[in-house]
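The next block holds one structure in the form of structure tokens; read it before the comments.
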Amino acid sequence: MTDLTALTLAEAQAGLQNGAFTALELCEAHLAAIEAAGALNAYTKVTPERAREMAKASDQRLAKGEGGALEGLPLGIKDLFCTKGVPSTASSRILENFVPTYESTVTQNLWDAGAVMLGKLALDEFAMGSSTETSYFGPVINPWRRKGSDAALVPGGSSGGSSAAVAADLCLAATGTDTGGSIRQPAALTGTVGLKPTYGRCSRWGIIAFASSLDQAGPITKTVEDAAIMLSVMASIDPKDTTSAEVPVPDYRAALTGSIKGLRVGIPREYRVDGMPGEIETLWQDGVEWMKAAGAEVIEVSLPHTKYALPAYYIVAPAEASSNLARYDGVRYGLREPGKDIIEMYENTRAAGFGAEVKRRILIGTYVLSAGYYDAYYLKAQKVRSLIKQDFDQVFEKADVLLTPTTPGPAFALGEKTGDPVEMYLNDIFTVTVNMAGLPALSVPAGLSSEGTPLGLQLIGRAFDEATILRAGQVLEQAAGPLPKAEKWWLAA
Ligand code: GLN
């Protein structure tokens with residue numbers, strides 16, 4: 001039999017429909033692959049019994065011709081989504097033993113459509129990071145390696161468990177969340193597709209909050225078509241989330257017509273940053289040529305406030321995080337470290353429960369929100385945010401989508417950027433603007449670096465126009481591919 005884990009979500013769906021294999025076989029193949037890939041550390045928790053149960057139920061429904069949109073398809077879930085009865089840790093010690101009594105809306109949508117849960121995927125603690133090295137359960141390893149080297153590379157972050165698992169065939173697709181780039185950057189670094197939907201498109205209910213005005217769930221997949229399939233199910237109008245948008249969810253797969261004739265593609269001049277490696281520049285130029293060859297009209301555009309996006313993000317995101325994380329005090333959730341009184345108990349719990357990066361964010365956040373600095377930092381950052389949003393509004397009068405690189409470089413080695421937080425933050429330079437403006441964006445694998453590792457291109461769209469970036473993304477994907485897959489070195493050991 002063919003390797004069932006190598007299938008795309010769409011291929012597996014077709015195979016289940018025509019009876020080429022069962023949901024249980026598909027599930028077993030993935031459980032075995034996960035078992036053999038311990039070296040990647042992608043999963044924080046595998047749920048084999050539950051997966052088998054769900055797959056058997058899917059087989060029964062499929063036999064009766066009753067399958068849902070994702071019937072029998074095994075998925076990995078970022079451990080920031082609360083899953084009922086299954087530990088949901090945010091890869092933090094403080095939530096190590098937290099077992100939710102409820103299910104997030106997004107994951108409920110997936111199970112309602114018949115999907116099978118393989119387990120929970122590691123992330124940077126509380127989704128703060130760009131390398132998945134801050135997970136309490138140890139770093140996740142990128143399945144990709146540099147040519148002629150066996151040095152461990154990071155899978156990006158914070159959805160690094162998700163990106164590594166999809167790239168290594170440890171699930172057919174995964175969920176991620178993106179606050180400043182955490183779906184798109186790990187997708188770019190692992191040769192997978194990452195979609196950050198419009199703010200309000202997917203419900204945030206039941207997702208452990210990082211920065212509530214920026215957080216958005218989305219899929220990491222093997223192909224653009226798979227991203228369209230996943231988004232159609234993940235997205236919904238949810239009365240439980242006050243920021244859920246009352247916009248009907250289209251059939252995103254139907255939007256993949258393969259044609260971008262006459263599409264106006266904007267190239268934002270400010271994304272050509274100082275010190276950008278030549279190969280990123282070349283990749284971007286390739287993207288421009290591919291779009292032109294497919295009949296798009298390419299124009300240069302300007303987003304003048306781009307250079308303020310990263311500093312403003314690193315004020316807004318920590319400010320919201322410091323407020324959101326105040327609830328982890330040893331009283332209601334997870335870890336409790338005793339103390340002589342309640343204050344000391346709070347202090348001991350938070351000191352022991354949070355890692356260094358999370359503490360840094362809480363310190364920055366409380367500082368920029370404090371009485372003396374609120375106007376100088378937080379309020380100023382909010383104003384900058386409005387200007388960034390305005391830039392995009394103006395540009396989208398002339399362009400239908402924007403094309404940029406996803407990241408300023410390929411996957412880096414473990415430990416390479418952990419010493420300098422600013423170095424790490426600079427990874428988000430091309431992705432944070434989109435979160436600040438609430439827009440949708442897609443990262444598509446577009447080529448390999450000189451080191452033989454993946455690079456991605458990003459398409460940014462108008463609010464609630466995921467359909468157009470998916471359509472254009474599939475054209476890019478076809479022009480760039482087929483790209484090789486990561487060699488499965490972990491099987492050889
Ligand atoms: N790397 C960014 C940060 O650390 C973005 C993280 C994310 O999108 N969750 O804040």
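For region 1-23, what are the residues that are of a type in the set (Val, Ile, Thr) and assigned to a helix (DSSP H, G or I)? Thr5, the sole residue that qualifies.
Those residues that are closer than 24 Å to Ser130 by Cα and either part of a loop (DSSP other than H, G, I, E, B) or within 16 Å of the ligand (Cβ to nearest atom) (or both), I need them from region 275-302; list them, please.
Hits for region 275-302 are Gly275, Met276, Pro277.
Across region 214-269, the number of residues qualifying as more than 22 Å from the chain's Cα centre (by Cα) and charged (D, E, K, R) comes to 5.
Might you check whether a residue that is touching a Ser or Thr at 6+ places or on another chain (Cβ under 7 Å), more than 20 Å from Ala152 (Cβ to Cβ) and not acidic (Asp, Glu) occurs anywhere in region 407-426? No - not one qualifying residue is present in region 407-426.
Just one of the listed residues (Val106, Val140) is in a helix (DSSP H, G or I), within 16 Å of the ligand (Cβ to nearest atom) and among the β-branched types (Val, Ile, Thr), and it is Val106.
Taking region 428-438 as the search range and keeping residues that are touching a residue at least 60 places away in the same chain (Cβ under 8 Å) and out of contact with any Leu (no Cβ under 9 Å at 6 or more places or on another chain), which one is nearest to the ligand (Cβ to nearest atom)? This residue is Thr431.
List every residue pair whose Cβ atoms lie under 6 Å apart, where the two residues are 6 or more positions apart in sequence or sit on different chains, the first residue falls within region 447-476 and is on the phi < 0 side of the Ramachandran plot, and the second residue, located anywhere, is of a type in the set (S, T, N, Q) and surrounded by 20 or more Cβ atoms within 10 Å (Cβ to Cβ). Here the result reads Gly456/Thr406; Gly456/Ser443; Gln458/Thr404; Gln458/Thr406; Gln458/Ser443; Ala463/Thr198, each pair linking region 447-476 to a residue that is of a type in the set (S, T, N, Q) and surrounded by 20 or more Cβ atoms within 10 Å (Cβ to Cβ). Being in a loop (DSSP other than H, G, I, E, B), within 16 Å of the ligand (Cβ to nearest atom) and surrounded by 24 or more Cβ atoms within 10 Å (Cβ to Cβ) is the filter here; which residues of region 212-236 pass it? Within region 212-236, Asp215, Gln216 meet the criteria.
Name the residues in region 257-274 that are in a loop (DSSP other than H, G, I, E, B), of a type outside the set (Val, Ile, Thr), touching a residue at least 24 places away in the same chain (Cβ under 8 Å) and surrounded by fewer than 17 Cβ atoms within 10 Å (Cβ to Cβ), would you?
If the condition is that a residue be in a loop (DSSP other than H, G, I, E, B), of a type outside the set (Val, Ile, Thr), touching a residue at least 24 places away in the same chain (Cβ under 8 Å) and surrounded by fewer than 17 Cβ atoms within 10 Å (Cβ to Cβ), then Gly258, Ser259, Lys261, Gly262 are the ones that fit.
Restricting attention to region 179-202, the residues that are more than 13 Å from the ligand (Cβ to nearest atom), among the hydroxyl-bearing types (Ser, Thr, Tyr) and either buried (at least 24 other Cβ atoms within 10 Å of the Cβ) or free of Cβ contacts under 8 Å to residues at least 24 places away in the same chain (or both) total 2. Every listed requirement among (1) part of a helix (DSSP H, G or I); (2) more than 21 Å from the chain's Cα centre (by Cα); (3) not charged (D, E, K, R) is met by Ile34 save one, (2). Checked against (1) touching a strand residue (DSSP E or B) at 6+ places or on another chain (Cβ under 7 Å); (2) more than 13 Å from the ligand (Cβ to nearest atom); (3) not in a helix (DSSP H, G or I), Gly176 meets all criteria but (2).
Read-outs throughout are calculated quantities, based only on the coordinates presented, and are distinct from any laboratory measurement. No experiment lies behind these values; they were computed from the predicted model shown. Neighbour counts run over all protein chains shown; Cβ positions are idealised from the backbone, glycine included.
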